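Have a look at the structure below before the remarks.
The values are calculated or read from the model by the stated rules, or taken from the named source; none is laboratory data. Just so it is clear, the model here is predicted, and its values are computed rather than measured. With ideal geometry, Cβ positions are generated from the backbone for all residues, glycine too; neighbour counts draw on all protein chains shown. Keep in mind that these areas ignore ligands, DNA and RNA; they rest on the heavy atoms of the full protein, side chains included. Shrake-Rupley method; radii C 1.70, N 1.55, O 1.52, S 1.80 Å.
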Amino acid sequence: MHEDSAPRRLRALRPAWKAAKDIGRGNSYQDEPLGGWLAGELVVRADFDRLRAYDIGTGAVRWTWPVPDRDVLVAVSQDANDGIALVLHHDDGRSTGGQPTVTAVDLATGKQLWSRDHHGRRLDYYPSTPHTALSGRRIAWITEEHVESAGPQDGAALWRSPLPGEAGNRDAWIMCVDPLVVVSTGHGRRGERRIFVLNDSGNVTASFALPAPYRKVELPAVVVNGMLVAKLVHPDDTSDDDERIGGFDLSTGKLCWERRPGGLSVQTLLPHRGRLLALHAFGGKVTALDARDGRVIARRRLRGSGAGLLRVAGDRFTVIGRSGSDYPVRVFHWR
């Protein structure tokens, strides 16, 4: 996607291919994708019980990695470092309270490379306010009083730092992993919600409170060109039509811009070639913005629909939706 003279004009993109509907899947939370990746010539989709890789040119299934034994996937890394993805799963699929495990999977072959117990670490995982997050650079998690990090190469612990804000803050959660951004409650009687940025040693490098009238931020969130862009919760918002995203300058904490994307429900925010990509309209539209000021650079309407995840690599991108929908995986070429 490139800048053009008519950035607001919609150009409908037809998928290069779409995966067949998986009729064996029910229409439930288990039907929602946990994540996915574009890795080389493959599109890999992560569901609660498996990873499945499709040929990016034809849509043919190249490999399937079932979660070991009766385990259940809880979370996956958004990116893949050198074609290696990290997945967090239960040791016992019969209970969400089972001990967690982190496993690295080679996306080229679907082979498990290493697996490490995540025992003793917090796994009361909620997709909207996660306490554990994974990326190609680190594994990060929050306990009652600490933020901790481990390396993606083998899962070995790197550092442990006091949780910023009030001690024992059970409402703290991880917004982003690269850089590591945590939402917590500030000190004092007012106890305002604050955003903290931590460096690779676990030290807080920036901290700021949410500006009035905002008292809450939600996922999706991403850092692009020094700007933290996230979904903003305004007290006057009453529907998806009112949904808005905003950009915070991480060096000053200032809310520099806010925008209603339009077309309902932002599913994914993603950096790409210095731009911010937003998937919205229930997977029917993708918009490119300048993260520094929120200016719209281009919009594209997408053939097909279904809320899902956006992943981009080079001149191709994929939208991964519900596996039981008519459009579980769509692959497009930029124009």
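Of the strands (runs of 3 or more DSSP E) contained entirely in the range 1-75, those carrying at least 3 residues that are open to solvent by 40 Å² or more (accessible area, probe 1.4 Å), modelled with pLDDT of 90 or more and out of contact with any Cys (no Cβ under 9 Å at 6 or more places or on another chain) fall at 61-66.
Only residues that are touching a Gly at 6+ places or on another chain (Cβ under 8 Å) and open to solvent by 10 Å² or more (accessible area, probe 1.4 Å): list them for the range 166-177, please. Listed by number, the list holds a single entry, Glu166. Just give me the residues in the range 124-137 being under 24 Å from Asp47 (Cβ atoms) and either outside any loop (DSSP other than H, G, I, E, B) or not small (Gly, Ala, Ser) (or both), in sequence order. Matches in the range 124-137: Asp124, Tyr125, Tyr126, Pro127, Thr129, Pro130, His131, Thr132, Ala133, Leu134. Considering only residues in the range 213-248 that are part of a loop (DSSP other than H, G, I, E, B) and modelled with pLDDT of 85 or more, the one that is surrounded by the most Cβ atoms within 10 Å (Cβ to Cβ) turns out to be Tyr214.
To keep it simple, each residue is scored yes or no on (1) in contact with a helix residue (DSSP H, G or I) (Cβ under 7 Å, 6 or more places away or on another chain); (2) of a type in the set (Asp, Glu); (3) over 20 Å from Pro179 (Cβ atoms).
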residue: Ala230; (1), (2), (3): no, no, no
residue: Glu243; (1), (2), (3): no, yes, yes
residue: Ser265; (1), (2), (3): yes, no, yes
residue: Ala281; (1), (2), (3): no, no, yes
residue: Arg292; (1), (2), (3): no, no, no
residue: Arg303; (1), (2), (3): no, no, yes
residue: Arg311; (1), (2), (3): no, no, yes
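Taken over the range 292-328, the criterion of being polar (S, T, N, Q) and at pLDDT 85 or above is satisfied by Thr318 alone.
For the range 276-286, the candidate set comprises residues that are surrounded by 18 or more Cβ atoms within 10 Å (Cβ to Cβ) and under 17 Å from the mean Cα position of the chain (by Cα); within that set, the residue that is farthest from Trp257 (Cα to Cα) is Gly283.
With respect to the conditions (1) within 20 Å of the chain's Cα centre (by Cα); (2) modelled with pLDDT of 95 or more; (3) open to solvent by 40 Å² or more (accessible area, probe 1.4 Å); (4) not β-branched (Val, Ile, Thr), Tyr125 falls short on a single one, namely (2). Name the residue, out of Val266, Val312, that is part of a loop (DSSP other than H, G, I, E, B), aliphatic (A, V, I, L, M), touching a residue at least 40 places away in the same chain (Cβ under 8 Å) and open to solvent by 10 Å² or more (accessible area, probe 1.4 Å). Every option except Val266 fails the conditions. Assessment of the range 138-145 against the conditions (open to solvent by 60 Å² or more (accessible area, probe 1.4 Å), among the charged types (D, E, K, R), within 18 Å of the chain's Cα centre (by Cα) and at pLDDT 85 or above) yields no matching residue. Filter the range 151-165 down to residues that are assigned to a strand (DSSP E or B) and closer than 16 Å to Val177 by Cα and give me whichever is modelled with the lowest pLDDT. Result: Ala157. Here Ser251 clears all of (1) among the small types (Gly, Ala, Ser); (2) more than 20 Å from Pro179 (Cβ to Cβ); (3) open to solvent by 40 Å² or more (accessible area, probe 1.4 Å) except the condition numbered (2).
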